[in-house]
């Protein structure tokens, strides 16, 4: 039986009590979205990079169903998080919230990858490919994606003279929208959307951020569970629950396919056929 409830004044109505996984949710916007969803009666599984952060997440949201643990800078650990997720049961929605910001120093992972790319792009790709497809997928991007490049000539920043963290971050957020739209096109029965939460004063955004922190987490929760007609879409981009037109290249099928192929090659895991 489906139960419709009022899902906070600013978010609208909710679908039946959903089960949602939120990556990178031991703090910041991911945790805030989890707290909102639990407060409105949904079942939330959090995710943390390590056991210490998992303990913090459990303390911050004791109503969470569980906390998955795994470092999303590692391909093996990405797979382990997906394995834990599937073993726990099917999710109605997955919010790909985990990410590192534009102040990130260049670092190389154990897999030989640019850490920012691994966490911001490869992790949501591989988790999407490995986790049993939910009804809804939500990918966090940024307004900075408008400055990003879809060029896959050197996404690991191995052949450039210097590291430009803002450009690397902008590129990664553009790739996240390409991923969301590529999945929406290939998996038409899954609602796959992207959003920008705004420049909010989280640990990632910094104290100088000027957007409203109270608004930063609402759109991802809304896209995950709301039965508002505006949220019952796929292949769209949002800011504060309003549709916004993303960078034109994100609608380019060739650019979407190039990213999917690139990530499949790095992980040796192609996106499964249409579900």
- Is the range 152-160 home to any residue that is assigned to a helix (DSSP H, G or I), buried (at least 19 other Cβ atoms within 10 Å of the Cβ) and in contact (Cβ under 8 Å) with a residue 24 or more places away in the chain? no
- Task: Give me a count of the residues in the range 265-275 that are within 17 Å of residue 118 (Cβ to Cβ) and either touching a helix residue (DSSP H, G or I) at 6+ places or on another chain (Cβ under 8 Å) or in contact (Cβ under 8 Å) with a residue 24 or more places away in the chain (or both).
- Result: 3
- Given the conditions (1) modelled with pLDDT under 95; (2) within 20 Å of the chain's Cα centre (by Cα); (3) exposed (fewer than 15 other Cβ atoms within 10 Å of the Cβ), every one holds for residue 189 apart from (1)
- Quickly run through the range 82-103 and pick out the residues that are under 18 Å from the mean Cα position of the chain (by Cα) and in a loop (DSSP other than H, G, I, E, B). 90, 91, 92, 97, 98, 99, 100, 101, 102
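For (1) under 19 Å from the mean Cα position of the chain (by Cα); (2) surrounded by 19 or more Cβ atoms within 10 Å (Cβ to Cβ); (3) closer than 23 Å to residue 228 by Cβ; (4) modelled with pLDDT of 95 or more, each residue gets a yes or a no:
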site	(1), (2), (3), (4)
13	no, no, yes, no
39	no, no, yes, yes
46	yes, yes, no, yes
52	no, no, no, yes
65	no, no, no, yes
- Query: Can you pull out the residues in the range 236-261 that are in a helix (DSSP H, G or I) and without any contact (Cβ under 8 Å) to a residue 24 or more places away in the chain?
  - Reply: 248, 254, 261
- Note on the structure: Of 43, 114, 120, the only residue that is touching a helix residue (DSSP H, G or I) at 6+ places or on another chain (Cβ under 9 Å) and farther than 23 Å from residue 218 by Cα is 114
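The values are calculated or read from the model by the stated rules, or taken from the named source; none is laboratory data. Remember, it's a predicted structure, so these values are computed and weren't measured experimentally. In this analysis, Cβ positions are derived from the backbone assuming ideal geometry, glycine residues included, and neighbour counts consider all displayed protein chains.
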